[in-house]
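See structure below.
Quick note: the coordinates plus some simple rules give every number you see, no bench work behind them. The structure presented is a predicted model; accordingly, all values stated were derived computationally and were not measured. So basically every Cβ, Gly included, is an ideal-geometry build from the backbone, and we count neighbours across all protein chains shown.
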Amino acid sequence: MSSSATYTFKWNMAEINALKRDVIYRTLNLGYGVAAEAQRGAPVASSALINTIRATTNHEDMVHVLAGGSFQGYEVPYARRREYENNLHPNKKYFMKNAFAWGENNYLKYYKGLGK
């Protein structure tokens, strides 16, 4: 006589897909929070650098927070340099690094209640 007990789990794909959408939505919101924090910490000689800081998704379940380049009519080739070097306002260096540190310290509030 066998004394084993078994239980079969069946995936509910609708619930799994809803959970996946929720994770992506929350991660994108975290990216927006990191981008906003970077904008607050960025040096301001003009508004060009701040206006190029953004969070975006590449539709492969990844969120990117970017600064500089070409965005919404702004051309900012110096974003990387301002991250590491700023003689005029040295306290504004590492605005992206500091924003990501903020994200590491605050990410749990974005995922609180996930899956309920």
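Give the cross-link partners of Lys10 among the lysines, using a straight C-alpha distance below 19 Å as the criterion and excluding same-chain residues fewer than 8 apart.
The qualifying lysines are Lys20, Lys116.
Counting only helical runs of four or more DSSP H residues, what would the 222 nm mean residue ellipticity of the chain come to if each run contributes -39,500 (n - 2.57) and the total is spread over all its residues? All intermediate terms of the calculation are to be shown ahead of the outcome.
Values: 4 runs with 57 residues, N = 116.
About -16000 deg cm²/dmol.
Mind sorting out which of (1) 19.1, 63; (2) 23.1, 83; (3) 20.6, 82 is the real Rg and Dmax of the Cα atoms in Å computed from the coordinates?
(3)
On a 0 to 90° scale, report how tilted helix 95-111 is relative to the longest principal axis of the chain, with both axes built from alpha carbons and the result rounded to the nearest 10.
With both axes taken from Cα atoms, the answer is about 30 degrees.
To make sure I understand the rule: partners must be aspartates and glutamates, Cα under 19 Å from the Cα of Lys112, and not fewer than 8 residues away in the same chain. Which ones qualify?
Glu15, Asp22, Glu104
Which Cα, out of Asn106, Ala5, Gly31, lies furthest along the positive dipole direction of the chain (beta carbon charges, K/R +1, D/E -1)?
Most positive-ward Cα: Asn106.
Given Cα pairs under 8 Å that are at least 6 residues apart, what percent is the relative contact order of the chain? Walk me through the intermediate numbers first.
Working: 134 pairs, mean separation 30.7, N = 116.
Once normalised by length, the contact order is 26 percent.
Between the helical axis of 13-41 and the dominant principal axis of the chain, each derived from Cα atoms, what acute angle in degrees is found, rounded to the nearest 10?
Once rounded, the angle reads 20 degrees.
Place a point 7 Å from Cα of Asp22 in the direction of its Cβ. Which residues in region 92-110 have their backbone N less than 16 Å from it?
It comes to 108-110, nothing else.
Could you work out how far the C-alpha centroid of region 2-17 sits from that of region 25-72, in angstrom?
Spelled out, the Cα-based centre of one part sits 41 Å from the other.
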